[in-house]
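The values are calculated or read from the model by the stated rules, or taken from the named source; none is laboratory data. Quantities reported herein were computed from a predicted structural model and do not represent experimental measurements. Glycine gets a Cβ as well: all are built from the backbone with ideal geometry, and neighbour counts include every protein chain shown.
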Amino acid sequence: MKRTGFIIFILALFVFAADVYGFTTKPPADVSNEVSSAIRSGNARDVAKHFGSNVDLKFPGNEGTFSRNQAELIVRNFFTRNAPASFSVQHQGPSRDGSLYVIGNYRTSNGDAYRVYFLIKTISGNTVLHLLQFEKQ
């Protein structure tokens with residue numbers, strides 16, 4: 001009986017660690033919905049939980065490949081300076097390599113508009129937000 005309890009504990013620990021570190025086998029469409037919701041609410045933490053260990057970002061003033069922590073900070077700073085008024089998905093679909101791309105429009109509380117593009121990939125069995133781009137219109 002003790003062995004069964006230990007196995008359940010280890011499995012629970014694994015599930016918790018997978019959730020905390022963003023390792024997920026969720027379908028790309030589910031991740032897309034969660035990322036869209038996080039952008040709509042300006043929640044950098046919820047966006048970042050879908051990042052892999054590195055993520056490609058293209059924001060006004062910040063472009064490159066960043067670690068998960070660096071990328072979360074960049075997204076948080078962007079949302080702080082550009083609080084969301086709305087976000088709507090205009091188009092999404094599969095890429096040739098099996099990734100899912102999403103194109104949307106982001107409006108800030110001060111009236112600025114941004115075209116948003118993000119790409120969700122499955123890498124080593126984990127569905128991750130691989131690229132996030134905000135371009136001012």
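Counting only helices (runs of 4 or more DSSP H) wholly contained in the stretch 19-137, the ones carrying 3 or more residues that are in contact (Cβ under 8 Å) with a residue 60 or more places away in the chain occupy 28-41. Taken together, GLY111, GLY98, GLY93 contain a single residue that is modelled with pLDDT under 95 and farther than 19 Å from ASP46 by Cα, which is GLY98.
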